[in-house]
Amino acid sequence: MNSEAAALETRFAPARGRIAAYYELTKPRVLTMVLITALAGLYMGSGAEFEFAVALKVMMGTALAAGGTLALNQYFERDTDAKMQRTQNRPVPSGRLRPLEALGFGLITTVAGIAYLWNAVNPLSAGVTGAITVLYLAAYTPMKRYSWFCHVVGAVPGALPPLIGWAAARDSLGSEPLVLFGIMFLWQLPHSLSIARIYQSDYARAGIRLLPKDRLYGNPANILMLAATVVLVGFGTLPTWMGFAGRLYLPFAAILGALMLYSSIASVRAAAGAAAARRVMMFSLIYLPAVLLVMVLDKV
């Protein structure tokens, strides 16, 4: 590398670093899941006609709004993030971005995304997206500091993205998107509770209460995990019974649901150790994408 190229590299390195930091604010892995589930809802709700132009608009608006919401979450949780090993290198606690920069970025992108959906798609999809932002930031985020019941509250905005897509496709909601909501809601409980178990010491260090204490009848988190996965085994098959997924989907969803239940039972029997909780998390990461993929491929 000659001296001129080296000088240019040195000059633009800070700019690339800041762009990367803003990108990290959007929590790319979480954002990807939001976009996938919103796209699945759009496809399932589109009937015989799936319009790529509409899909691009939905993806753009959802990406802006969801990415901005996740950035605002990092702004509000910057103090606790700094106390945890798994989050202390995020852009704000690490000092790569100032809090006001994260706040400004989050506000601008969130409002831009919701406004874009309102004008380019329809008000209903924008309304669902706005509800996700409000519930995530005003209910779930502050509740994490006070009660482990935040898992149930947080599962609501986490389960709403398919409704963005369905609303964009039909400009209405109905029983089918509520089933998609229910599958995602039930799936999130074992998923989030397993993450809480894996990182419980890290969360405790930051004063975040994501797990309850043991009771005489057992640990409430274990009971909730088992109850959610038991219901998920049957609830996950409803798309076939309701006629918007085919016969191939039915056994596939039932088998994956049974595997989720098996992993949850094994986690409880293992006294909720981190290794068993990690298996629940891994099964959950397989379950949702696989179920959505088969549902889309076997769409009626």
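Given the range 174-300, report the % of alpha carbon pairs whose separation exceeds 24 Å. Considering the range 174-300, 31 percent of its Cα-Cα pairs are separated by more than 24 Å.
The ratio of the alpha-carbon radius of gyration of the range 1-144 to the globular-protein estimate 2.2 N^0.38 Å is 1.22. Across every pair of non-identical alpha carbons in the range 223-289, the mean reciprocal distance, once inverted, gives a Kirkwood radius of 12.3 Å. Estimated from helical segments only, the mean residue ellipticity of the chain at 222 nm is -23500 deg cm²/dmol, where each DSSP H run of four or more residues counts as -39500 (n - 2.57).
The largest-to-smallest principal axis extents of the Cα set in the range 250-300 are 43, 16, 7 Å.
Straight-line cross-link partners of residue 213 among the lysines, defined as a Cα under 18 Å from its Cα and at least 8 positions apart when in the same chain: 144.
Taking every Cα-Cα distance in the chain and sorting them into 20 Å bins starting at zero, the pair-distance distribution P(r) comes out as 32, 55, 13, 1 percent. The equivalent ellipsoid of the range 153-208 has semi-axes of 31, 11, 7 Å, largest first, where each one is the square root of 5 times an eigenvalue of the Cα gyration tensor.
Scalar couplings 3J(HN,Hα) for the range 59-73, obtained by applying the Karplus form with A = 6.51, B = -1.76, C = 1.60 to θ = phi - 60°, are 5, 5, x, 5, 4, 5, 5, 5, x, x, 4, 5, 5, 5, 4 Hz; x denotes Gly and Pro. Sorting 86, 209 from the fewest to the most surrounding beta carbons within 10 angstrom yields 86, 209. Coupling constants for the range 217-222 follow from the phi torsions by the Karplus curve (6.51 cos²θ - 1.76 cosθ + 1.60, θ = phi - 60°), and in residue order they are 8, x, 8, x, 5, 5 Hz; glycine and proline get x.
Relative contact order of the chain: 18 percent, from C-alpha pairs under 8 Å at least 6 residues apart in sequence.
Near residue 27: Cβ cut-off under 13 Å, other residues only, Lys/Arg at +1 and Asp/Glu at -1. The net charge is 0. Near residue 67, within a Cβ-to-Cβ distance under 11 Å, what is the net charge of the other residues, with Lys and Arg +1 and Asp and Glu -1? Taking every other residue near residue 67 into account, the sum is 0. Scalar couplings 3J(HN,Hα) for the range 182-190, obtained by applying the Karplus form with A = 6.51, B = -1.76, C = 1.60 to θ = phi - 60°, are x, 4, 5, 4, 5, 4, 5, 5, x Hz; x denotes Gly and Pro. Taking amide H as placed 1.01 Å from N in the peptide plane, the amide H of residue 245 sits under 5 Å from that of 240, 300, each at least 5 places away or on another chain.
Throughout, read-outs are computed from the coordinates displayed, never taken from laboratory work. This structure is a prediction, so every number in the text was calculated from the model and none was measured. With ideal geometry, Cβ positions are generated from the backbone for all residues, glycine too; neighbour counts draw on all protein chains shown.
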